[in-house]
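Laboratory data are not the source of any read-out in this text; all were calculated from the coordinates shown. Quick caveat: nothing in here was measured; it's all calculated off a predicted structure. Using ideal geometry, Cβ is built from the backbone for each residue, glycine included, and neighbour counts are taken over all protein chains shown.
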Amino acid sequence: MKTHVLISGAGPVGLVSALKLSLAGFKVTVFESADQLNMDLRASTFHPPTLDMMATFGLTDQLISQGLIARYTQQRDRKEGVVAEFDMELLKGETNFPFRLQCEQWKLTQLIKKQLDKNPDVKILFNAKLESVTQSHTEVEAKVKVLDETQLFKGEYLIGADGAWSSVRTSLGIEFEGFTYPERFLVISTTFPYEKHLPKLSFVNYCSDPIEWCVLLKVPSLWRVLFPTKVDESDEDVLSDSSVQSRLQHLLPQPNDYQADHRTLYKIHQRVAKSFRQNRIFLAGDAAHINNPLGGMGMNGGVHDAMNLCEKLIDVVIHRQDSSVLDRYERQRRSIAIEYINANTARNKKMLEESDPAVRLKSQQELRAIAENPKSAKAYLFKTSMLDALKKAEAIL
C-alpha cells in the first residue's frame, strides 16, 4: 500500500508538495475550495533557488519561456531616481539561474497540474473545502465539504497549504502570532510602458519616498505598481477611478488617463504559526507564515517549505529514517520564517517609508557603497535572493 498524503490547498505550495511526493511514489489527494486553479495576479517573482528547485521537475525552462528575466534589481528614490543597482550575474556559481524571473505564480500551478493529471495516484478535488482534521498515531482524517456533501478522507499525513486563513491551522487550534499593518497595499496593473518614460528602469524597482513609496514590477504583459494606502481611506475610495488615476499621475504625470487593467487591495500581515507540526499534520506556506510582499519572499518561502518538508517525508517513509527527522522541518523553516523572511520584509518596508532625512540619506549612501563593491554586492544578493536563508536552514539540526 502506498503512503497516502492529504493536501489542503492547490496553490504553488500545495501543488509543489503533491508533485514532489507523487514522483517519489506517494498517493496524494489535494483539496481546493475554489472551482479551479487561482488565476489572479498574486506573486510574480521567482528567486534563483526556487528556479533551481523547479528545474529538478523540468519546469524552469517552461517558466522562463513564459516570463521575463530580471538580471538587475534597483533601489530608487521617487524624486532622485536610481540609488543603487544590483547585478544578479554576481551569483554565478551559486545558482544555475542568477536572475529573478518575473512570471505570475499561476503559470507554475498550471504547469504542475498538467504533470499531476497524468499520474493515477494523484487526485485534485475542486469545490472541496476542508472543514476539520483529526488524527491518531497511525493516520489523519479530514472532513471535507465537496460541493454540498461532507466526505471523510483518510491518509497517513496531511499538509495544510491552504493560505493565510488556513482551515487546517484553525482546526488544530494553532496560534498565528504577529500583527497586521494598519495600512493596506494597493496593486494596480497597467500596460503603460514605464520603461520608455523612466530612465534606466529595471524590471524590479523599489522606490522609496517619505510620503508615498511604491514598487514597480514588470511581468510579461503588464507593469504592476504597488502603493501603500492611508489608514483612514475607505476601500471604495482607494479602488475608485479617481484615486487610482491620482496615484499613477503623481508617480508619472501623463496627458491622458492611465489604463488600469487590474486593481487589488489587500491587508498586510507579519505572522508566524506557533507550531508548524502536530504529529502527522504540517503547515506550509501562508498557512504557516505570512509577510508583506516587499522582497518577493512569500511564495518563494512557501515553495522552500514544501521542498524541505517533502524531502523529510520521503526520508521517513521511503528511506526508513526515524520520524524525529520530521521535527527538523519545524526547527528549520519556522526559524527562517521568523529570523529571515519576516525580519527582512519588515526591514524592507521600513527603509522604503523612512521619513527622517538623515536616516534616509545614510541608508542610500550605504546601498550605493554596497552596490559599488562586487564582494559586498554579492553578499547582499545572496541574502535578498534567499540563497542565504536556505543555507542557514540546512545548518539547523
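Can you name the number of the only condition in (1) more than 20 Å from Leu6 (Cβ to Cβ); (2) among the aliphatic types (A, V, I, L, M); (3) surrounded by 14 or more Cβ atoms within 10 Å (Cβ to Cβ) that Val231 fails?
Only one criterion is unmet by Val231, namely (3).
Do we find a residue being among the hydrophobic types (A, V, I, L, M, F, W, C), in contact with a helix residue (DSSP H, G or I) (Cβ under 9 Å, 6 or more places away or on another chain) and farther than 19 Å from Val303 by Cα anywhere in the stretch 107-119? Reasoning before the result, please.
Narrowing the stretch 107-119 to residues among the hydrophobic types (A, V, I, L, M, F, W, C): 108, 111-112, 116.
Retained after the next criterion (residues that are in contact with a helix residue (DSSP H, G or I) (Cβ under 9 Å, 6 or more places away or on another chain)): 108, 111-112, 116.
Still in the running and farther than 19 Å from Val303 by Cα: none.
No, the conditions are met nowhere in the stretch 107-119.
Counting residues that are within 30 Å of Gly155 (Cα to Cα) and free of Cβ contacts under 8 Å to residues at least 24 places away in the same chain, which helices (runs of 4 or more DSSP H) fully inside the stretch 280-375 reach at least 2? Talk me through it step by step, then tell me what you get.
On the way: elements: 298-317, 325-336, 343-353, 357-372.
Here the list reads 298-317.
Could you please give the count of residues in the stretch 179-201 that are within 21 Å of the chain's Cα centre (by Cα) and either farther than 30 Å from Val244 by Cβ or polar (S, T, N, Q) (or both)?
Here the count works out to 2.
Identify all residues within the stretch 166-195 that are closer than 21 Å to Phe126 by Cα, in a helix (DSSP H, G or I) and not β-branched (Val, Ile, Thr); write none if there are none.
Of all residues in the stretch 166-195, those closer than 21 Å to Phe126 by Cα come to 166-171.
Checking which are in a helix (DSSP H, G or I) leaves us with 167-171.
Once the filter is applied, which keeps residues that are closer than 21 Å to Phe126 by Cα, in a helix (DSSP H, G or I) and not β-branched (Val, Ile, Thr), the stretch 166-195 yields Ser167, Arg169, Ser171.
One line per residue, one yes/no per condition, for (1) of a type in the set (Gly, Ala, Ser); (2) within 26 Å of Leu59 (Cα to Cα):
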| site | (1), (2) |
| --- | --- |
| Gly296 | yes, yes |
| Val303 | no, yes |
| Met307 | no, yes |
| Ile318 | no, yes |
| Arg334 | no, no |
| Asn342 | no, no |
| Arg347 | no, no |
| Glu366 | no, no |
| Ser376 | yes, no |
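Regarding the stretch 221-228, can at least one residue be identified that is of a type in the set (D, E, K, R) and either over 27 Å from Tyr340 (Cβ atoms) or not in a strand (DSSP E or B) (or both)? Before you say what the answer is, go through the steps one by one.
Let us first name the residues in the stretch 221-228 that are of a type in the set (D, E, K, R), namely 224.
Keeping just the survivors that are either over 27 Å from Tyr340 (Cβ atoms) or not in a strand (DSSP E or B) (or both) gives none.
Looking for residues that are of a type in the set (D, E, K, R) and either over 27 Å from Tyr340 (Cβ atoms) or not in a strand (DSSP E or B) (or both), one finds none in the stretch 221-228, hence no.
Scan the stretch 243-279 residue by residue and report those that are farther than 30 Å from Arg169 by Cα and assigned to a loop (DSSP other than H, G, I, E, B). Spell out how you get there, then give the answer.
Of the residues in the stretch 243-279, the ones farther than 30 Å from Arg169 by Cα are 243-262.
Listed by number, the residues that qualify are Leu252, Pro253, Gln254, Pro255, Asn256, Asp257, Tyr258, Gln259.
Taking the conditions exactly as written (closer than 22 Å to Met53 by Cα, buried (at least 19 other Cβ atoms within 10 Å of the Cβ) and among the hydrophobic types (A, V, I, L, M, F, W, C)), does Leu326 satisfy them or not? Spell out how you get there, then give the answer.
On the way: closer than 22 Å to Met53 by Cα: yes; buried (at least 19 other Cβ atoms within 10 Å of the Cβ): yes; among the hydrophobic types (A, V, I, L, M, F, W, C): yes.
Considered against the rule, which asks whether it is closer than 22 Å to Met53 by Cα, buried (at least 19 other Cβ atoms within 10 Å of the Cβ) and among the hydrophobic types (A, V, I, L, M, F, W, C), Leu326 comes out as yes.
Of all residues in the stretch 12-50, which are in contact with a Lys or Arg (Cβ under 7 Å, 6 or more places away or on another chain) and in a helix (DSSP H, G or I)?
Once the filter is applied, which keeps residues that are in contact with a Lys or Arg (Cβ under 7 Å, 6 or more places away or on another chain) and in a helix (DSSP H, G or I), the stretch 12-50 yields only Leu15.
So which residues in the stretch 203-220 are over 22 Å from Arg360 (Cα atoms) and not in a strand (DSSP E or B)?
First, pick out the residues of the stretch 203-220 that are over 22 Å from Arg360 (Cα atoms): 203, 217-220.
Passing the criteria: Phe203, Pro220.
Name the single residue, out of those in the stretch 147-165 being assigned to a strand (DSSP E or B) and of a type in the set (A, V, I, L, M, F, W, C), that is surrounded by the fewest Cβ atoms within 10 Å (Cβ to Cβ). Even if it seems obvious, please write down each step before you answer.
First, the residues of the stretch 147-165 that are assigned to a strand (DSSP E or B): 149-155, 157-160.
In the following step, the residues that additionally are of a type in the set (A, V, I, L, M, F, W, C) were identified as 152-153, 158-159.
Values: Leu152: 9, Phe153: 20, Leu158: 30, Ile159: 31.
Among those that are assigned to a strand (DSSP E or B) and of a type in the set (A, V, I, L, M, F, W, C), it is Leu152.
For Ser136, are the conditions met, namely being crowded, with 17+ Cβ neighbours inside 10 Å, among the hydroxyl-bearing types (Ser, Thr, Tyr) and out of contact with any Cys (no Cβ under 9 Å at 6 or more places or on another chain)? Walk me through how you get there before you give the answer.
Details: crowded, with 17+ Cβ neighbours inside 10 Å: no; among the hydroxyl-bearing types (Ser, Thr, Tyr): yes; out of contact with any Cys (no Cβ under 9 Å at 6 or more places or on another chain): yes.
So Ser136 fails the test.
Within the stretch 25-56, which residues are at negative phi, surrounded by fewer than 18 Cβ atoms within 10 Å (Cβ to Cβ) and either over 19 Å from the mean Cα position of the chain (by Cα) or free of Cβ contacts under 8 Å to residues at least 12 places away in the same chain (or both)?
Listed by number, the residues that qualify are Ala34, Asp35, Gln36, Thr56.
For (1) closer than 30 Å to Arg277 by Cα; (2) basic (Lys, Arg); (3) touching a His at 6+ places or on another chain (Cβ under 6 Å); (4) free of Cβ contacts under 8 Å to residues at least 24 places away in the same chain, each residue gets a yes or a no:
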{"residue": "Lys143", "(1), (2), (3), (4)": "yes, yes, no, yes"}
{"residue": "Gly178", "(1), (2), (3), (4)": "yes, no, no, no"}
{"residue": "Tyr181", "(1), (2), (3), (4)": "yes, no, no, no"}
{"residue": "Ser189", "(1), (2), (3), (4)": "no, no, yes, no"}
{"residue": "Tyr194", "(1), (2), (3), (4)": "no, no, no, no"}
{"residue": "Tyr206", "(1), (2), (3), (4)": "no, no, no, no"}
{"residue": "Val215", "(1), (2), (3), (4)": "no, no, no, no"}
{"residue": "Glu233", "(1), (2), (3), (4)": "no, no, no, yes"}
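Give the residue that is farthest from Ala84 (Cα to Cα), with candidates limited to residues of the stretch 207-217 that are surrounded by fewer than 21 Cβ atoms within 10 Å (Cβ to Cβ) and not acidic (Asp, Glu).
Once the filter is applied, the top-ranked residue is Ile211.
Residue check, Ile318 against (1) closer than 27 Å to Lys2 by Cα; (2) among the hydrophobic types (A, V, I, L, M, F, W, C); (3) touching a helix residue (DSSP H, G or I) at 6+ places or on another chain (Cβ under 7 Å), all met but one. Which one?
Exception for Ile318: condition (3).
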